[in-house]
Each structure stands twice: as structure tokens, then as C-alpha cells.
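Here is the structure we will look at.
Throughout, read-outs are computed from the coordinates displayed, never taken from laboratory work. Note that the structure is a prediction, hence the values are computed from the model and not measured. Note that each Cβ is placed from the backbone with ideal geometry, even for glycine, and that neighbours are counted across all protein chains shown.
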Amino acid sequence: MKNVEASIKSGNESLKTKISELAGDLGYEETAYHLPVTYALTGNAVKNADDARSAYQRTGENPFVACECYTASVTAENGKEPAPFTGFLPDADLRKMGYSLVDGSILGLALVAGSPPGADVVAGICRELQEKYMLTFLAGDVVGTLAGSGVKVGAEYRLVPLGSTPLRGIHFVDIIARVAMMFGGVSPGDPDRLISYARERAKAIVIVFPGLNDEEIAFIDALSILGIPILSMGGYEGGNWHLATPENVVREGMDQKGIKVTVTAIPIPMGCSPAFEGKSIRKEEMHVEFGGGRTPAFELLRVRPAADVTDGKITVIGPEIEDVPQGSALPLGIIVEVAGSAMKKEYEPVLERRIHNFVNYGEGSWHVAQRDLVWVRLSKEAVSKGVHIRHIGTLIAAKFRIDFPNLLDAVQVTLITDEQKVKSALLEAQKVYRERDQRIKDLRDTDVDLFYSCTLCQTFAPNHVCIITPERPALCGAITWLDGKTAFEISPSGANQPVPKGEVIDATTGEFEGVNRFVKKASHGEVERCCLYSIMENPMTACGCFECIAVMLPETNGFMIVTREFKGLTPSGMTFSTLAGTIGGGAQTPGFAGVSKNFILSDRFLQAEGGIERLVWMPGQLKEELSERLLKKLSDSGRQEFFDRIADETVTTTIEDLMDFLAKVHHPALDMPALI
Amino acid sequence: MTLQTQNIWNGRIGTVTIGADRAHGGTRTLQYTLGGEQDLAAVGPGATQQRPLIAAEICDDPGIWSPIVNTFMGDTVNDTAGWAGTMESEYHPDIVRLHLTSTRKRNFKDFSGIPETVSGVLKSTGLPLIIEGSNDPSIDSEVYQKCGEASSGERVLLGTAEAGRYRSIAAAAMAYNHCIIAQSPIDINLAKQLNILLKEIGVPYDRILIDPYTGALGYGFEYSYSVMERIRYAALKGDQDLAMTMISAAPDSLNIREVREARDDETDRTAATWEFYTAFSAVIAGASIVCVRHPLAIPLLKSAIDSIWPHSAGREA
Ligand code: SF4
């Protein structure tokens, strides 16, 4: 049993001696990258022993530099090792290899070194690596052992024998360094970029058998700086080496590095592509629908321990498609459970919002809104082609795996269509929604320098941009500022981008120079200014996903709010859906705004117009839903009597009666400055 | 002739360089840098207006090619390299576009023939090349690797990446320093999405050209026109993901009824004219490279383009 830490120390010492003893010229042929690792780290071309020593000093006695210079010197002196050993690979081979990595015909790289106990063990591991599309490099005794087992080696078999000793594994590192410089835009002499490229992009693992000497251990251990997991087959203790068995070593390594055999085709009997996202399914075209006010429905995504999630498992609880006649409405609970080592609880809402896109990708499936407001339809055409309710689950599970390969290892989906069960699961879901909203409660817009954007809805409202601040959650209610931040973390080039606030142009209307600049660009020049706390002046655009619409009622000098759930006529003379049709599509409509329920409770809501006391009407159900929190907000400022001055449909749904009511209760809006 | 601009745009089309001359590590007699426009085609200040280029299309297996072109060219079509040379010396296009139609045959296996064909064409013409590879995902990997390697250093334009299959082409472009054509089926959102996919696997935006897919004039061309217009508007309004040069080819122009049913002595003229009108409309919609197959379409296009872009200055980098 070798102690890794102790060996590293003495290994580095003897490497140092080797470097001090170097003499003469050194260098490789058929490459434009000199000694690639050293070149990448220092930017200098090493041509002789003195260059090598100075590079070794300059890199703080880097073991890679030592191994590379030493190997190059031995090669210069004795020539290349005889076949089957390849030694240093020329640039032309590297291009081909890089090609296969980008192309996807190779998923990753593996280095196997050391002295295996027997041919069978190493043959099994190498076969598994081949089957999993890994390109494997061999260094040391492992080559001979493998040859004895009848496994063919050579580049064409994706098993490349680099050299006769484990130190020749340095070529594995020079390959990574050259790929970084050729494909990754890493410039020579920029070690930080090289390391971050290797960590993020190089899908590489190393498997070590027993028998390494101290120098070799020091070399192998250095690979962990490049983010390469080291899997030990025994014989070593200490260090950050993971002990594995022949049966699980390949899977463990690939898991640790996040190398995944990808899902490509989604096995459902309908087309699935972002191309279908913009289409809708009209009532006449629909076979069955869920939610949308007709039945209870919700969606929820949770992270679970890996043991509790079976990848690809789809469960339907309740009636399937053949159990209901055409044109029916079923309740629906979509519960997506995910597992993954990099997955965090904070990511839940962000991923949950993707369900919307994924279901819309289906040629015959359609989805609007979010959380407990969802509305889903399946088309007659799709159902006649064999689409079932469970296929919504298959689609969601597969898309999550395809779109978040580095985050998720397993996704299972449960679809509940049984009314009682949906109702009880819904209570649970609402608790989760509340907890999520709670997390952001105390953060103020003035506490942060960055807001976040969302342009997910540009697929159907091409110039729409949501700006999400701590106090103004997205109008769809599904994305808070924290979610925006998280989403940006997960995919830095995705739909949520940081928006620097910049100079405050007007603190009351919530106009910021940075926000304007961002919105102008992201709306493709359509929207020049965006006031976050105003509805009358340059309000935010509305895509169509809003939980509620706030509408100015000129007669009342105030605003009303209507929710997606409220089906009746409002004092504006219009229903929610008529209003939605008027303001959606990504246009800026002064006097109208799409808002989330939580934003109503924010001090920034209607700030430019004088605050919550401008509110004259909202549906009873919303009033009830917000009552506890709204009453608290009002009583904190000694205005609790205002609550009863907000009318609802039990008071009236006409503007005339509303005017009478407002006069009777002395509604404050009547005495506020005129809105127009 | 330039029209006054009607809009204040805030975007600019990115540039892309095709072909590499000796000074840039290749063997082409010239190279082009396209893009940089700040307004619609033939509108606005002349300084940013690039003269569109004409690509003459040829192939390595005339069995899968327009019989009209085959008849017109005669035996030449059986010698791919010679065909490329003839196009250059007799019809003077700006670019040669080689379609490796041989790879479209069932059970294609002759991968070693590809480098031969490509280097033959590279020798017989000094013009920058577009190379169109296979059409079948199961052989893409090998075909594009060969195309990329055989034309290494020449900065060719490789075609054609689509949403479902772009990895091999992207890999070839990245490994061997070429540019790529990204084609989407007449849909601005899909065009944008494909560009983003390409960016994510590491293809820089200055190596991508958009092919919005073009139908023949009178047979759906109006959809292509409108999508090209929208792509250009979006780019000029600042959408970086669409701010690429466009390429347009409408090979269907040679298969339409009017051409098929033309009188024998009218066939060539009808075919060339139809290609010309389609391609010229694409130029007006914003295409920077238009591709034609009938040699007689080339002089027609040349004189039409000359009438709007009298100067060829600036197009050779
Ligand atoms: S409504 Fe806004 S925040 Fe919500 S998904 Fe659409 S663009 Fe993003």
C-alpha cells in the first residue's frame, strides 16, 4: 500500500533531480506547439535543457513540465519507442481526435496506467470504455498485459498505447493542452484559461492500477488540478484518489466527470421540436384538456436523492386517454422528480419553468401558464396517432435529460389525473410555491446591482423582455430574481442574463439607464425605455404568460386587477381573455401591465402612480388569496381599512356601480392626482 | 445606384472570410471578406455595401444532377476537376461550389475518393470553394472529416449543417479552420436556434453563413424572401445570433414545370433565366452569395449585379 501524499513529495523531489540532470536539445516533431504542456503553461518554446530548467522554475516546479521535458529529452536521445507504442502524437492526429470529440463520435478521454493484476480485469475495463465511446490511452505495463489478453490496441480500436512507462502518460496531458489551444481558443502562456478549459470542457478520466513509483504518483496526482478524477484500482491510500472496483470504475469515472451517453430520439408518436412551440391547439382541435380553470391542475419539479428516482420512469395515476371521451377535461398533476449530483434545490423553479417549453415542443401538445395555473391540451390529431397522457411524461423526462446533461442524471415523471389525488397533491405543491416566494421576501431592489432578464417567451412574442428584480418577480409568477440568478448560473448563455442597473434615471418610476440599454438591445430596438415601477409611463412589455393584468380605469382614477382564473366580465367591460388578447405579444401598452400575484404585494407595485391605494377592484378569489399578506402590509402602515375599499365581483362588475361604491367608501384614489 | 436609407439601424452584419490566398496559408488566387453591412441590400450608405458573389455549382457524380446542365456541358461533367476549371475560365464565377453527389449513392464507401476529388478541384481552379458533403448522418462523420482535411488551409465553406445534424460539419470547421453553412427550413427562429447550437459547441460566429433555404421563383420563393428579409431586419436591429451573411441556392429552379416543358431550343435559355431571376431576387432580399448551376445564368447575374454594385472594391481581402 502506497501513501499518495508521501509519494508525491518524494516523487517531486526526484523529478527535480531529473530536470537538473537534463542535457542537450529536446523537442518533438510534427507539431506547431513545441512541448505542448510547457508551451501552454508558459508561452515559451522549450528547445534545450536550459529552456526546460527555466520553464520548470517559472511554473513553480510543475510536475507536468518536469515529465514533459524529461520525456522529450529521452525521446531526443533514444528515438521513439518501437511499435506498438505511439509516443508523441503529431498535430494532424490531434485534429482528427478533436474532430471526433466535437463530432460526438468520441464522448471523452481516459488514461489507464499501472500494472493490472491480470489480463481479464484490464480487458474488461477497456472493452467497457470502448463501448461507451471513450478514447482510451494506455501507459506502462498495462499495454503488455492487454496484448496478452488478445484485445487489439491501436488508434482504430480507440485504445492508444502511448508508451512503456506510466510517465509516458504525459502525452495524454499534451493532447489535452493542444486540444485546448486548437479548439478552445486558449492562448499559450495563460495557465488559468488552460485549467478552466480542462476542467469544464475536457471530458477526461484516469484509471490507475497498483505499482506506480513515487514520480509516477506525483504525475498522476497532478491531473486532479485539471479536474480529472483519479480512480484507483487499489494499492494506494490517501490523496484525493477514489477507490473503485473493476465493475464500477468506468461508470464512476464517467459520472464524476459528467460524461453521458446521450439521449437523442424521444420515443413518442408525435413530432417534437422547438418549431412547434408557437402553434396553439384550438378548442375544436383538442381531444382532451387539463386545467385552464375547468379542472384543478398544477406542475411541480423537485430534486430527490438518486436512489429515489428511476430515470425515464413514467407513472400515470388515474384515467388514461382511452378512459375519457373526446372533448373532456381532466384534472392534472405533473410531478417531475429529478436527481443529479450537481442539481441544487434552488434550481427547482428554473427547471420547472422549462416544462412549459417542453410540452409545447410536442406537435400535438400545448401548454400555457405555470404552477397551479397550468392549462394543457392534447390535439385530436395526436391522439389519433396514438399519443397518450403518459407521453407528456416521456417528452418532459427526455427533454430534461437532453437539455441539462450536466445537471441531471435521472428524471422521472408522475402524471396524476385522478381528481381527489390531484387536489391533495396540489396542497402540497402550493406549500412549496409559498416557500419559494418566501425566500426572496426580504430582498430589496436597492440591495442589488444586477437585475435579471428573461427572454424565454420570445419564441412567441419575439420582442418581449421581462426584467426581474428582487421586488418585481416575472409577470408569469414563475421566476424570481433568485431564480434568474440561478438560471444564469446553470446556463450562462441562456434566456436569463444579468442586467446591470446602471445609473438611476428616476427612482419613483423605476427607470434605470442599464435596464433601458438592455431592453433596447434584447427587444431588437423595439422598446427604448422601460419603467419598472410604473404602468402609465413606458411599462414593461407583456408576452401573454402573465398571472394577472393590471388595467387603468380612467373613470375611477385608479387600477383594477384581473387574474387568469377569473372568467367573468370586469368593470373595464372586458374579460381576462379579451384583455390578454389586447396587450400580449410583446407590446408596450401604457395603462396596462402583466403582473404576477406576488408583485401586487410589493411596495414597488404602482409606485409611480401612488401605490396600492390606486387599487379599486380585483376578483374575490384573488382578494381572498392575498388577504392575509395584504392585510398585514396594510396594517403595518395603519391602513387596514383600505382592504374593504377594494371592490370585487360581489360588489359589482360594471363601471357605473363601481363609481358609486368608490364614492360611498371614500376610496383614496378619487382624491389622488389625476392619472391622465 | 443606392437608395436612401429609411431606417436607423443599430446592428451590423458580422464579417466572414472565405478562401485563403498564399499570404494567408492557402493556395487560392483570391479570398473574400463578406458582411459588415449596416443596412438592407442596395440601400443606405455605399461604404458598407458588399457586392454579392456568384457561386457556380458542380458535382462529382452527374448521375444525380440536372440533365439540362449535363447536356449543355457535355463530357466535361465526367471530369470534376476539369469542370471546375472550365467554369472558372469560361464563365467567371466568384466561387466554385462542389457537391459531392457521389456520397448520396446508396452504401457509399469510397471515402478515400473524397480527398482526391477535392484536391483535384483545388488544383484546377484558384477560386475559393464551397464543399457540400453527404446527406446521410451515418456517413457524415467520415465524409466531413475527409472534406475538412483535404482542403485544410484553404478556408472553404462547408455545407450544410441542419438542426438535427451539425456536429460533424462543425467539427470539421473547427478542426481544419473552415466556415460552415447553417441551413434552416424557412424559419427565422430555427435559423437562430441553429446558430446558438453551433456557438455552444464552439463554432465562432465569424465562420457561419445562414442558408434560409430557397424555393424556386413561382414555387414558394416568396416565403424564402420574407424570411431572409426578417433575418436581416433582426440582425440590423441588433440580434447578434442572426447577424451573419446569407447564402442562397435554389436548385429546384431547374426542375420546375416551365423549364421541363420548355421547347428544346428554349431549354437552356429558360433554365438560365429562371435561375437568374430567383438568384437575383435573393440578392435583393439580402443574400451575399447566390448559387446557380446553369453556366448561362452567370453572365446574366453578373451584369445585373454590376448595375447595382458597380464597384467590386472592398470585396477582396
Ligand atoms: S413571462 Fe417573462 S419571465 Fe416568464 S418565462 Fe416568459 S419571458 Fe420568462
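Taking a Cβ cut-off of under 10 Å around residue B:213, the surrounding Lys, Arg, Asp and Glu residues balance to a net charge of -3, with basic ones at +1 and acidic ones at -1. Taking the Cα centre of segment A:279-438 as reference, the dipole from Cβ charges on Lys and Arg (+1) and Asp and Glu (-1) amounts to some 280 debye. Would you look at the GNM of chain B, springs on alpha carbons closer than 10 Å, and say which of B:159, B:126, B:19 moves the most? The residue that fluctuates most here is B:126.
Annotation for residue A:80 and residue B:7: the two label points, set 7 Å from Cα along the Cα-Cβ direction, are 5.7 nm apart. Taken residue by residue and averaged, Cβ atoms of other chains lying within 10 Å of the Cβ of A:173-183 number 1. Dipole size of chain A about its Cα centre, with +1 on Lys/Arg Cβ and -1 on Asp/Glu Cβ: approximately 660 debye, rounded to the nearest 20. Each peptide in A:24-30, A:642-648 was scored by the mean count of other Cβ atoms within 10 Å over its residues; highest first, the order is A:642-648, A:24-30. In terms of Cα to Cα distance under 19 Å, which aspartates and glutamates are near enough to residue A:152, apart from those fewer than 8 places away along the same chain? Those aspartates and glutamates meeting the cut-off are A:81, A:120, A:128, A:131, A:141.
Taking every alpha carbon pair in segment A:390-486, what does the distance histogram look like in 5 angstrom bins from 0, in percent? Per 5 Å bin, starting at zero, the Cα-Cα P(r) for segment A:390-486 comes out as 2, 11, 14, 14, 19, 20, 14, 5, 1, 0 percent. Backbone geometry of segment A:407-420 corresponds, through the Karplus equation with coefficients 6.51, -1.76 and 1.60 at θ = phi - 60°, to 3J(HN,Hα) couplings of 9, 10, 9, 8, 9, 10, 10, 10, 10, 9, 10, 7, 4, 4 Hz, x marking Gly and Pro.
Which of the peptides A:247-255, A:362-370, B:290-298 is most tightly packed, and how do the rest follow, judged by the mean count of other Cβ atoms within 10 Å per residue? List each step's numbers first, then the result.
On the way: A:247-255: 18.4, A:362-370: 23.4, B:290-298: 25.3.
Top of the packing list down: B:290-298, A:362-370, A:247-255.
Obtain the radius of gyration and the Kirkwood radius of chain B from its C-alpha atoms and give Rg over Rh.
On the way: Rg = 18.3 Å, Rh = 19.5 Å.
Using Cα coordinates only, the ratio equals 0.94.
Pairs over the 18 Å Cα-Cα cut-off, from the set A:501/B:192; A:283/A:567; A:345/A:485; A:597/A:633: A:501/B:192.
Evaluated at q = 0.11 Å⁻¹, a Debye calculation over the C-alpha positions of segment A:2-256 (equal weights, vacuum) places log10 I(q)/I(0) at -0.53.
Derived scalar couplings between HN and Hα for segment A:113-123 equal 9, x, 10, x, x, x, 5, 4, 4, 6, 5 Hz in order, rounded to whole Hz, by the Karplus curve 6.51 cos²θ - 1.76 cosθ + 1.60 (θ = phi - 60°), x for Gly and Pro.
Show that you can apply the helix-only estimate: for chain A, add -39,500 (n - 2.57) for every DSSP H stretch of four or more residues, divide by all residues, and state [θ] at 222 nm to the nearest 500.
Values: 21 runs with 241 residues, N = 676.
Rounded to the nearest 500, it is -11000 deg cm²/dmol.
In straight-distance terms, cross-link reach from residue A:421 covers every one of the aspartates and glutamates whose alpha-carbon lies under 19 Å from its own, apart from those fewer than eight places away in the same chain; here that gives A:289, A:299, A:320, A:323, A:337, A:372. By the Cβ rule of 4.7 Å, the protein assembly as shown holds the following cysteines without a possible disulfide partner: A:67, A:69, A:126, A:272, A:530, A:531, A:548, B:59, B:147, B:179, B:291.
From other protein chains only, count the Cβ atoms within 10 Å of every residue's Cβ in B:172-179, then give the mean. List each step's numbers first, then the result.
Working: counts 4, 2, 9, 13, 4, 2, 0, 0.
The shielding value for this peptide is 4.
Packing here is the average count of other Cβ atoms within 10 Å per residue, and on that basis the peptides A:46-56, A:311-321, highest first, run A:46-56, A:311-321. Averaging sequence separations of C-alpha pairs under 8 Å and six or more residues apart, then dividing by the length of segment B:192-310, give the relative contact order as a whole percent. 25 percent.
Dimensions of segment A:445-671 based on its C-alpha atoms, expressed as ranges along the principal axes with the largest first, amount to 53, 36, 28 Å.
For chain B, modelled as a Gaussian network with Cα springs under 10 Å, which listed residue fluctuates most, B:239, B:306, B:140? Looking only at B:239, B:306, B:140, the biggest GNM fluctuation is shown by B:306. Annotation: amide H-H contacts under 5 Å for residue A:558 (H modelled 1.01 Å from N, sequence separation of 5 or more, or interchain): A:553. Put simply, the amide H of residue A:286, placed in the peptide plane, has neighbours under 5 Å in A:380, leaving out anything fewer than 5 places away on its chain.
Please give the calculated 222 nm ellipticity per residue for chain B, where each DSSP H segment of at least 4 residues contributes -39500 (n - 2.57) and the sum is spread over every residue; nearest 500 deg cm²/dmol? Could you put the intermediate results ahead of the total?
On the way: 10 runs with 114 residues, N = 317.
After summing the helix terms and dividing by residue count, I get -11000 deg cm²/dmol.
Taking the Cα centre of segment B:99-167 as origin and assigning +1 to Lys and Arg Cβ atoms and -1 to Asp and Glu Cβ atoms, the resulting dipole is close to 100 debye.
Phi angles of segment A:95-103 translate, via the Karplus equation with coefficients 6.51, -1.76, 1.60 and θ = phi - 60°, into HN-Hα couplings of 4, 4, 5, x, 4, 5, 5, 5, 4 Hz per residue; Gly and Pro are given as x. Using a simple spin-label model with pseudo-atoms 7 Å out from Cα toward Cβ, residue A:628 and residue B:79 lie 8.8 nm apart.
Shown here are the Rg and Dmax of the Cα trace of the protein assembly as shown, at 32.5, 103 Å.
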